[in-house]
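Written below as structure tokens is the structure these notes are about.
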Amino acid sequence: KQQPNIAHPSRSSETSMKNLLCLTLGLDILVSAASIDDHAAGLVLIQLHGDAAVKTVQAYEPASSEQAQLIVPRMIMQRGCTCSSTVMQYARALLQEMGVPLFNLQVKELLRSVHISHNPWYQEGDNVVTAVQRGLNETQSQGLGLLFNNFKVTEGEAQKSLNQALISRGTRTVIVHRSNVLDTLVCEVRDCFKGLNEPARGYPVDLEGVRNNLCFLRRGANGGGVKTKAVIDTQHLMWHLNEAASYAGKQQGMLSHLGYQNASIVTVEDLLAHEYDERKLLVSYRAWTALLESLGVRAKSGAVMKFLKQRVGTYSPPEDHWKAIWNVGPVVKVLKEHNKMDLWRGPEQE
């Protein structure tokens, strides 16, 4: 009968309550079970419709606060065309090496409404918050954590409930970005990215300069995208480079503003440098250690180094830009005008 403490879900009463009776009249309510002394447990979402109804909810009670910390949600902030699939795969493997029990999630994005049907806990009529809450309840009741990707957080009204739900669970975050933003733009053009209310990026062409529509499918159809080049819209080139360069800092500031725990920034280049250059193994080790610690996990140095050594030499160095860009001359001209040739890789012409 004690009033649930929504603002501070980590506070517990002296009496342990494993079952919580909730009464509602067709409302979505978020309640905190007493005796759960951690953000990661005890929060349940109950959605009832129609006449008054009573439902018994089994609250998950971790064996220890240490165990509760292991299963907090973990969110990797990363935009598209920044090797997000590879980073997610590595992060999952390393977290498990560190002893973090993870739910075997087959999709990496849970929080975008356009992908809500991909959420394994989605039920017809759900919104994103409802589906995510259901997933967190079920996985935490099994003693498992969730690792997922998110493009960006905002403070809009539509995102308010979602942010509150994630923050109340003690969600840990890290920001991964691609420091060479020209690489990001080239990939976005070849994949046919079209952002809402954004200027044109350009369009993809084949090796003869003929426009093609493979877009994202080029990755599987053309041996890694070698047969697709990017015609970059040089009029808006600097706009896109500056926008991509500001991503990490803006997201770090927004996460802090909204109340998430401190999030570190690491680069894709550092995380994956060991794949093509053994001399950069220590660079990658430091980057992955920073990522794990930002996600609330103390890195085991021996295990991290062993994991990375097994992947040395698995990929070639990033290709020269002239191999990926069709209109090399105009692009180089703009980069020189804005002192951005540090982004250019390889000779200035084929």
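The values are calculated or read from the model by the stated rules, or taken from the named source; none is laboratory data. None of the values given here were measured: they were computed from a predicted structure. Virtual Cβ from ideal backbone geometry, glycine too; neighbours counted across all protein chains shown. The protein model used for the area step is the full one, side chains on, heavy atoms only, and it has no ligands, DNA or RNA in it. Shrake-Rupley method; radii C 1.70, N 1.55, O 1.52, S 1.80 Å.
See the values below:
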quantity	calculated
Under 12 Å, Cβ to Cβ, from C81 - net charge with Lys/Arg +1 and Asp/Glu -1	+2
Net charge over other residues, Cβ less than 9 angstrom from the Cβ of L182 (K, R count +1; D, E count -1)	+1
Most to least packed among 165-172, 304-311 [average Cβ atoms within 10 Å]	165-172, 304-311
Relative contact order (percent, whole number), segment 205-307, Cα cutoff 8 Å, 6+ residue spacing	15
In order through segment 132-145: 3J(HN,Hα) via Karplus (6.51 cos²θ - 1.76 cosθ + 1.60), integer Hz, x for Gly, Pro	5, 4, 4, x, 5, 4, 5, 5, 5, 5, 8, x, 10, x
Relative contact order (percent, whole number), segment 90-142, Cα cutoff 8 Å, 6+ residue spacing	25
Most to least packed among 332-340, 286-294 [average Cβ atoms within 10 Å]	286-294, 332-340
Whole-percent carbon and sulfur share, accessible surface of segment 155-237, 1.4 Å	50
Accessible area expressed per residue, segment 155-214, with surrounding protein chains retained (probe 1.4 Å, Å²)	47
Surface share of carbon and sulfur [accessible, 1.4 angstrom probe, percent] for segment 65-140	45
Rounded if a/c under 1.5, otherwise prolate or oblate - segment 69-152, Cα gyration tensor axes	oblate
Within the accessible area of segment 260-311 (1.4 Å probe), percent carbon and sulfur	46
Å² of accessible area per residue within segment 222-289, as computed with a 1.4 Å probe and no ligands counted	47
